[in-house]
Amino acid sequence: MSEIMDDQYHLFYSTQEDNLRFLNLFFDLPSASDEQFNEHFKITAIPLWFNIFQQGQIRNFIIGVEFTKNIEEKILKQLLAGVARHRKGIL
């Protein structure tokens, strides 16, 4: 991601300083059949680490997270398939 601040909150440090804060990750995934964005998911997570990396003139951030509850296997498979399709498109 290109930003690590959300208004006055740092997405990593704010959650480390207050254990009542966490991240809600929202995903809109296409269905396998028609590639329309018709599946919506919310996953709650706590950031564990973050790194900064430079890609040309653009500075980006990577955040490693721990999910706060078990994710259904179906949802996890759909998320991993969506990531794989995305990576194929940008490589």
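The values are calculated or read from the model by the stated rules, or taken from the named source; none is laboratory data. The structure displayed is predicted, hence computed values, not measured ones. Positions of Cβ are backbone-derived with ideal geometry, glycine not excepted, and every protein chain shown enters the neighbour counts. Surface accessibility is based on the protein's heavy atoms, side chains included, excluding ligands, DNA and RNA. Shrake-Rupley method; radii C 1.70, N 1.55, O 1.52, S 1.80 Å.
Phe37 meets the conditions (1) of a type in the set (Phe, Trp, Tyr); (2) open to solvent by 100 Å² or more (accessible area, probe 1.4 Å); (3) within 13 Å of the chain's Cα centre (by Cα); (4) modelled with pLDDT under 85 in every case but one. The failed one is (3).
The set of residues in the range 1-19 that are modelled with pLDDT of 85 or more, within 26 Å of Leu76 (Cβ to Cβ) and open to solvent by 50 Å² or more (accessible area, probe 1.4 Å) contains only Gln16.
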